[in-house]
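The values are calculated or read from the model by the stated rules, or taken from the named source; none is laboratory data. From a predicted model like this one, the values you see are computed outputs, not experimental measurements. Ideal geometry is used to build each Cβ from the backbone, glycine not excepted, and the neighbour counts take in all protein chains shown. Side chains are part of the model used for accessible areas, which takes the heavy atoms of the whole protein and leaves out ligands, DNA and RNA. Shrake-Rupley method; radii C 1.70, N 1.55, O 1.52, S 1.80 Å.
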Amino acid sequence: MSRYLYLYRGPATPMEEFTPEQSAEQMRAWEEWMGRVGPALVDRGAPFGARSAVGDDGSSPTPSDQNGYSIVEADGLDGAHELLKGHPFLAEGKGRFSIEVFELVPM
């Protein structure tokens, strides 16, 4: 088994901007997905807050729209993709959001 990093990318609305009802709905969707994934979810992760970027030339480029991460354990990249079925971050269906999947390779 290998571990895979999910990086959430897209114009997500910060949680503090949701109404209490929207927040509850979002949390319900995430809890359902986490329940389906079960023990394969080894680190539920966290959202990202303040951000900046530093270029190799000393510049300050615009940071990406990465929003958070999770780490799962799977038997391969296909297995890591399989765990994304029903993921709430991919629910909109308009192509604005994506999850990048990276295998975490031991050093």
**Study point:** Pick from segment 28-47, criterion free of Cβ contacts under 8 Å to residues at least 12 places away in the same chain and either among the small types (Gly, Ala, Ser) or farther than 21 Å from Glu100 by Cα (or both), ranking: least open to solvent (accessible area, probe 1.4 Å)
**Key:** Gly38
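Tell me, yes or no, whether segment 48-56 has at least one residue that is loosely packed, with under 13 Cβ neighbours inside 10 Å and of a type in the set (Val, Ile, Thr). Spell out how you get there, then give the answer.
Let us first name the residues in segment 48-56 that are loosely packed, with under 13 Cβ neighbours inside 10 Å, namely 49-56.
Still in the running and of a type in the set (Val, Ile, Thr): 54.
Yes: segment 48-56 contains one or more residues that are loosely packed, with under 13 Cβ neighbours inside 10 Å and of a type in the set (Val, Ile, Thr).
Any residue that is at positive phi, assigned to a loop (DSSP other than H, G, I, E, B) and out of contact with any Ser or Thr (no Cβ under 6 Å at 6 or more places or on another chain) - is there at least one of those in segment 19-42?
At the first step, the residues of segment 19-42 found to be at positive phi are 38.
Cutting the leftovers down to assigned to a loop (DSSP other than H, G, I, E, B) gives us none.
No, segment 19-42 contains no residue that is at positive phi, assigned to a loop (DSSP other than H, G, I, E, B) and out of contact with any Ser or Thr (no Cβ under 6 Å at 6 or more places or on another chain).
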Practice item. For Pro14, work out the one condition from (1) surrounded by fewer than 16 Cβ atoms within 10 Å (Cβ to Cβ); (2) over 22 Å from Phe97 (Cα atoms); (3) not aromatic (Phe, Trp, Tyr) it doesn't fulfil. Key: (2)
